[in-house]
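Working notes, beginning with the structure itself.
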């Protein structure tokens, strides 16, 4: 059950700006499934967050207006069979909400409010398993184009495909961007090679699509900006223990150039993480990318293996002055008495490029003993210096590797309340 809390915390940042941190909702997780959320800002400055509650198997829509007032609505899902994945909310140019999710691995569902104000559910895509026996419907990202068209990227462990309604109707045939062959196998362990995490998608001002994905052997950039699907290797045949672009996040700068924030990880022969750091990749020309290390150390969030683990779950965007900013978390890594490596992610940090120097602040601190941060999101559309950040915090007492205990999930909303003291002009 979703319960609104009357809790407001004031946190002091190292750059002398105050951040108001409000726990909008708290959920007790007793079913040992992950809560997931997705947020989007409408043109009327309403921020909508759709949150899937696996306890009730319903959606919770949390709407926050420009004045900070929050409303919550339960959306019951009739006859829907979710795969415990993230639902997505977007708004059209008239600030109408649209929710997308997958069910049964076969269908994509669109929820929208009709003239009656009631939610209407429609099936927008059904996967033809006869024609595509190896594909699986699992929405990885949804975007809105300049003409209010919707663009959907679907990804499972081994494939990526794309559909849209930009031509006035929903595609009935998936545009297949990637299908990893079954013989593509990890030579060390004999496992089939899979996509690491979710691919990331960005839409430019001309409605062109830009996608990045990673496996343990490669990172590839895909775009239809030339008028056809162009595939470009960023990393290829890399050392399988060096994951150079884990969980990549792609964004388009004001000049139309793609850039990527990612986590670089190195692993020991047995699979333990040796280090994790935040990197920034920028495309200077076709098949040419520069790579910069942004952060290498955690900020007092660490396990027994030290503080050389950071850059987790990065989100890249560009501010009004075309500066790259990256939201990310730290990682606490530990080994138990049997030598097993266990990790968890925590804190909310923000990196911004000022000239040639990356400035990094910790916006929300957590203890590695009981605090985790499962998801983070920042409003990227504001033209003011005031910004909003959401985080899904997990409170779970005990050692880092005891993950089967009941946990409390706090949905946090952070806003800076002294707007002039931080130069974060997000567009």
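The values are calculated or read from the model by the stated rules, or taken from the named source; none is laboratory data. Small disclaimer: the values here were computed from a predicted structure and weren't measured. Virtual Cβ from ideal backbone geometry, glycine too; neighbours counted across all protein chains shown.
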Can you tell me which residue among 366, 375, 315, 347 is in contact with a strand residue (DSSP E or B) (Cβ under 7 Å, 6 or more places away or on another chain), in a loop (DSSP other than H, G, I, E, B) and under 16 Å from residue 414 (Cβ atoms)? 366
From the list 327, 397, 353, which one is at pLDDT 85 or above, surrounded by fewer than 22 Cβ atoms within 10 Å (Cβ to Cβ) and either under 27 Å from residue 214 (Cβ atoms) or more than 16 Å from the chain's Cα centre (by Cα) (or both)? 353
From the residues in region 242-271 that are surrounded by fewer than 17 Cβ atoms within 10 Å (Cβ to Cβ) and in contact with a strand residue (DSSP E or B) (Cβ under 6 Å, 6 or more places away or on another chain), which one is nearest to residue 318 (Cα to Cα)? 257
Of everything in region 208-242, what is free of Cβ contacts under 8 Å to residues at least 24 places away in the same chain and not in a strand (DSSP E or B)? Give them in sequence order. 208, 218, 224, 225, 226, 227, 228, 236, 237, 238, 239
Condition test on residue 245, is it outside any strand (DSSP E or B) and either under 30 Å from residue 338 (Cα atoms) or at pLDDT below 95 (or both)? no
